[in-house]
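To start, the structure itself, in structure tokens.
Values in this text are rule-based calculations from the coordinates and carry no lab data. Everything quoted here is computed from the prediction, not taken from an experiment. Here the Cβ positions follow ideal geometry from the backbone for every residue, glycine too, while neighbour counts run over all protein chains shown.
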Amino acid sequence: MKSLKKLFFLLIIIGLISAAVLYFRDTKPPQVSLTPGSGPVSQKSKLLLALNDDGMGLKHLEVKVLQGNNQLSLVERDFPAQTGVADIDLDLSSLRLEDGGIQIEVLVTDQSIYHLGKGNSQREVYSLTYDTRAPVISILSKAHNFTKGGSGLVTFSLNEDVATAGVRFAEHFFPAYRQEAGYYACLFAYPYDAKESEFVPRVVAVDLAGNERQAGIYYRANEKTFRQRKINISKNFLAQKTPEFETLVPGVSDPLEIFLHVNREIREKNRKKLAELGHKTSATPLWNGAFMRQPQAATLAQFADNRTYYHEDKVIDKTVHWGHDLASVAQAEIIAENSGEVIWSEYLGIYGQCVVIDHGLGLQSLYAHMSQVSVKPGDMVTKGQVIGRSGATGMAGGDHLHLGILVSGVPVQPIEWWDKSWLYNNIDSKLNID
Ligand SMILES: [Zn+2]
């Protein structure tokens with residue numbers, strides 16, 4: 001009888017201990033995070049609610065949106081047993097909200113029996129701004145005249161802060177940069193390879209809540225035809241260039257195959273690199289008047305020459321020449337054609353040893369095939385300053401300078417930028433630069 005009592009007592013103790021273990025097993029509330037958890041949102045915003053319970057799992061969730069005296073239920077759900085994590089998309093488009101401040105209240109409980117069986121709960125309140133109004137765009141600049149392969153500028157003002165602003169057409173986007181006076185300036189190109197029907201530039205602005213507005217601009221686009229050029233890739237040229245290109249094309253030994261790989265794949269890779277550099281730019285203009293053409297240099301090849309390559313009388317390749325080739329004497333001094341910041345000074349495939357100078361608003365100049373370079377990234381250079389000497393590195397048969405002008409990575413016609421009155425009428429006067 002005594003031992004039975006003892007056993008009974010022991011069972012009670014074990015029961016109490018297990019109950020206590022169970023009761024105190026999970027005393028931590030679930031964790032809640034909302035992205036974005038502050039700032040502006042719209043009916044199109046994607047809000048992600050991330051829940052996580054390390055203990056016995058999530059049980060119940062309630063999300064409400066509060067605005068003024070309104071309390072709107074957004075989500076209410078129970079979780080299946082052992083749900084440790086849950087990612088929930090919140091969609092505000094189903095609610096009738098007015099523009100202005102909102103609060104998102106998240107209440108979540110777990111499966112624990114702590115707090116007399118109610119479990120642990122977590123309440124978080126996020127304050128956001130509901131904004132469904134797209135920015136208002138006012139175009140400030142008047143005439144926008146473009147020639148195929150050339151550049152132009154539009155200026156505009158916006159009534160609110162934006163996440164992105166610029167000019168868009170077809171697959172192209174040219175970013176705009178906010179100026180100290182408060183307006184935006186966007187330098188863009190009528191790319192040589194864009195179809196006439198594709199070139200319908202529009203100003204686009206997207207605010208911080210994701211609301212987008214587009215505005216048309218008055219523009220005139222002039223067509224231009226470019227030259228056809230034959231280039232003979234001789235055995236001598238291949239013999240001269242193969243040692244340099246071999247390192248760029250490992251595993252290939254045939255000189256013509258090496259040349260074609262460089263002229264296609266490496267050329268394409270280099271173009272992508274320049275497009276990437278195009279965004280590494282000053283938000284304000286660094287140039288100072290018209291670009292300065294290399295002194296005493298004759299033109300060897302022009303911008304957008306359509307090149308057909310022959311080898312032993314057979315067509316082997318086609319490219320477009322994205323710059324202007326200039327030559328004077330061998331190892332001629334090369335000058336920065338305008339003021340700016342050096343953002344690249346190293347070997348770059350077909351361009352050989354090359355320098356890229358940023359002039360602001362996405363405008364950049366490229367100096368290729370150099371034999372010597374005397375500047376490094378971060379250097380500020382002034383118009384006319386010597387930056388190195390000409391050479392024949394990269395895809396060059398003889399000593400010359402390949403000069404490229406780019407707008408947000410898109411190659412454009414250099415002659416416009418050498419022309420003082422074109423520059424004033426189309427660019428500088430719109431930026432109030434004398
Ligand atoms: Zn060239």
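Here the Karplus curve 6.51 cos²θ - 1.76 cosθ + 1.60, taken at θ = phi - 60°, turns the phi angles of the range 388-394 into couplings of x, 10, 5, x, 9, 6, x Hz, with x standing for Gly and Pro. From least to most packed, judged by other beta carbons within 10 angstrom and beginning with the fewest, Lys235, Lys269, Lys430 follow the order Lys235, Lys269, Lys430. Phi-derived couplings, Karplus 6.51 cos²θ - 1.76 cosθ + 1.60 at θ = phi - 60°, listed residue by residue for the range 339-347: 6, x, 10, 5, 10, 8, 8, 7, 5 Hz, with x used for Gly and Pro.
Among beta bridges from DSSP that stay inside the chain, the antiparallel ones total about 90%.
Scanning residues 5 or more positions from Ala221 or on other chains, those with amide H under 5 Å from its amide H are Phe146, with H placed 1.01 Å from N in the peptide plane. For the pair the range 252-267 and the range 368-387, the centres of their Cα atoms are 29 angstrom apart. From least to most packed, judged by other beta carbons within 10 angstrom and beginning with the fewest, Phe303, Phe79 follow the order Phe79, Phe303.
Note on Lys420: aspartates and glutamates with a C-alpha under 15 Å away, same-chain residues under 8 apart excluded, are Glu337, Asp428, Asp434.
Arranged from fewest to most other beta-carbon atoms within 10 Å of their beta carbon, Val136, Val108 become Val136, Val108. Scanning residues 5 or more positions from Val249 or on other chains, none has an amide H under 5 Å from its amide H, with H placed 1.01 Å from N in the peptide plane.
Couplings 3J(HN,Hα) of the range 66-76, computed from phi: 10, 9, x, 8, 7, 10, 10, 7, 9, 9, 9 Hz, in residue order, whole Hz [Karplus 6.51 cos²θ - 1.76 cosθ + 1.60, θ = phi - 60°; x for Gly and Pro].
On a per residue basis, the convex hull of the C-alpha atoms belonging to the chain measures out at 238 Å³.
The trypsin sites (Lys or Arg not before Pro) of the range 23-99 meeting both criteria, a DSSP state outside H, G, I, E and B (loop) and at most 15 other C-beta atoms within 10 angstrom of the site's C-beta, are Arg25, Lys44, Lys46, Arg96.
Restricting the count to DSSP beta bridges whose residues both fall in the range 228-413, what percent are antiparallel, rounded to a multiple of 5? In the range 228-413, approximately 90 percent of DSSP beta bridges are antiparallel ones. A simple packing score, the average count of other Cβ atoms within 10 Å per residue, orders the peptides 322-335, 158-171 as 322-335, 158-171, with the highest score first. Dividing the mean sequence gap of close Cα pairs (under 8 Å, 6+ apart) by how many residues the range 24-130 holds gives a relative contact order of 35 percent. Around the amide H of Ser141, modelled in the peptide plane, lie the amide H atoms of Thr155, all under 5 Å away and 5 or more residues distant in sequence or on another chain. Once you have a ≥ b ≥ c as the square roots of the Cα gyration tensor eigenvalues for the range 129-258, tell me rounded if a/c is under 1.5, and otherwise prolate or oblate according to whether a/b is larger than b/c. It comes out prolate by the Cα gyration axes.
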